[in-house]
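Data block below; observations after.
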Amino acid sequence: MHTKMRLVGAAVAGAVLLPVGASSTAFGQSAQAGATGAAAARGCVSKLPDSAKAQTDRVTALIQKLEGQGLSQERIDAKLATDYCLERVDGGGSELSTLGNPSDEIKLSKPIIYKAEGKDRYIAAAGWKWKKIPSNTKGYDAFALTFSKKVTVLAHTLQYQGKGNVYGKKKMTQAQTTGGYGSGFIFNEGPKLGTADMQGYQGLMGISFKASKRGCWDLQAFSKYGHTWKSSSVTGIGIGRWSISLTWANNSNKWQQASQPSREVRVCRS
């Protein structure tokens, strides 16, 4: 008798398989049940623009703005549900984990996923935040997000900024690569102001998508950050089913790290 399995690991190598319905605390996932804000989102009138591109840009910027105001993830979810009819469908909660080179101390967020009210449209968001300004910079970095099942990507955006007022916000809407399993961007995390601030100190990627065909599927998402310095640089991104690969200018002065995976989400298309 075969037992149906699901992915809960962030990387292809070493991914953990659990029976469907089983819970995992391997990554400290929240035990919160149900979709945050479902009742508030039901029957509301959204303030969001209708186009997928404008909606993705707006939601990504909103999340960053509310985080900057010090709101908890639960309060952000409630605000997006009440005012923008976005239903959190991945179980709620938020985690940041210290990843990458220990001396760099970067944190990657577990992807969060919302469903737009009255549409077969979903928005996933994931990002990073440096705990301290890295000593080694100057190469181009990369950030990408992938899904465990094929989707139709409708729009994507990458928005990043410093931790203070020295550097303004940057936005990218032209991805380095995009396809049926996600999108990825290459960007310059500098310049930096010594150990005080850096242009790419924190950032968030948003991606609007729908199921690739009619029906319902369970999927997860994870992200990856690639960092380079000195003469090295990220030169390409490959995205496949539940996988992100990076190519480099050389094999030194670099590291890459994947985020924790999102919870499993049921995505439907009528």
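The values are calculated or read from the model by the stated rules, or taken from the named source; none is laboratory data. Source: prediction; values computed, not measured. A quick note on method: Cβ atoms are made from the backbone with ideal geometry, for glycine too, and the neighbour counts reach across all protein chains shown. Just so you know, the surface numbers come from the protein's heavy atoms only, side chains and all, with ligands and any DNA or RNA stripped out. Shrake-Rupley method; radii C 1.70, N 1.55, O 1.52, S 1.80 Å.
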Inset, instruction - Within 10 Å, count the other beta carbons around each residue, average over each peptide in 211-220, 145-154, 234-243, and list them highest first. - result: 145-154, 234-243, 211-220
Legend entry - Cα gyration tensor shape for region 42-85, rounded if a/c is under 1.5, else prolate or oblate: oblate
Legend entry - Net charge over other residues, Cβ less than 13 angstrom from the Cβ of Ile207 (K, R count +1; D, E count -1): +2
Inset, instruction - Take the Cβ-Cβ distance between Cys268 and Arg241 as r, set R0 to 25 Å, and report the resulting FRET efficiency rounded to the nearest 0.05. - result: 0.85
Legend entry - Residue pairs, from the table Lys79/Lys169; Lys79/Lys131; Lys170/Lys213, whose Cα atoms sit over 25 Å apart: Lys79/Lys131; Lys170/Lys213
Legend entry - Gain in span if fully extended, Thr82 to Gln174, counting 0.36 nm per residue against the direct Cα distance: 30.1 nm
Inset, instruction - Could you name the aspartates and glutamates whose alpha carbon sits less than 14 Å from that of Lys224, not counting residues in the same chain fewer than 8 places away? - result: Asp141
Inset, instruction - Between the alpha-carbon centers of region 42-96 and region 165-180, tell me the distance in whole angstrom. - result: 19 Å
Inset, instruction - Please list the equivalent ellipsoid semi-axes of region 133-270, computed as the square roots of five times the alpha-carbon gyration tensor eigenvalues, in descending order and whole angstrom. - result: 30, 16, 12
Inset, instruction - Would you mind checking the pairs Lys47/Lys107; Lys107/Lys192; Lys47/Lys149; Lys53/Lys192 and listing those with alpha carbons more than 20 angstrom apart? - result: Lys47/Lys107; Lys47/Lys149; Lys53/Lys192
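Using the heavy atoms of the protein chains and a 1.4 angstrom probe, tell me the accessible area per residue for region 73-225 in square angstrom.
Accessible surface, normalised per residue, equals 38 Å².
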